[in-house]
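See structure below.
Please treat every number below as a calculation from the coordinates, not as lab data. None of the values given here were measured: they were computed from a predicted structure.
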Amino acid sequence: FVYIISLFTYLQGIQHQGSNGIYARQQMDRGHLFAALTSSGLPQIAPNGQNAANSARSTYQYTNAVPQSPAFNRGQWRIWEGRIRTYAVDICIPAQGTLYLITGASFVGITNASPPQAAQVPITTLPPQPLNNPAAIDKPNSMWTAALCLPAQGGQSYSFAVIGNNVQNPAAMFTQQITVAQLEAILQADIGINGLKRKMEEGVNLFPGINNFGNYNSELPKDKYPEPEEEE
């Protein structure tokens, strides 16, 4: 079972979010945070086809989208989303576990190091269209997902994270698997470098309710989780 907290489907009274005008002629994808294919459960794990289809459709909202470079969104990030789904179906779920996923955006980039380090990068703001529209949206410089596989019977839980630079050049994306602690250090650096409003005095803690989880040290499966076949 994959459990993702999708607040965008429940929040009421949202006043500021993306729009067609902001993205018009910007050569940016409306990149999903909560992936539609992950939400759909396709092809094997959808207990109810109509519910799965409705769930996938619910992800197509601007509150679930950030500007992503097309080559990143449709390339490395899409591949790693598939590898995470494969991990869920082939490893976590067969072990009677529940996979918790948190996906977010960061305004620092990452270096080509092991482990990667936070790097200050200029922030690009998508200008609104038409020009008299006061709305605008910042393009994240990196995207990340943190995962925690929690067993049902109180066994050892395991975590991992994936992060990559949201750029058009594949050679500069550096998308890779890291530990949750390494991701938290990058996000903590983002708070300091970019002066984010929410200060976390005790440091970033992505899974505060879970203690003593181990790192998933094996490489995520390389076979992408099967996608539904396109109808001819």
* Structure fact -> Row for segment 135-203, column shape: gyration tensor on C-alpha, a ≥ b ≥ c, rounded if a/c < 1.5 i.e. under 1.5, prolate if a/b over b/c, else oblate; value oblate
* Globularity ratio of segment 93-212, using Cα Rg and 2.2 N^0.38 Å -> 1.23
* Structure fact -> By the Cα gyration tensor axes a ≥ b ≥ c (a/c under 1.5 gives rounded; else a/b larger than b/c gives prolate, otherwise oblate), the shape of segment 99-168 is oblate
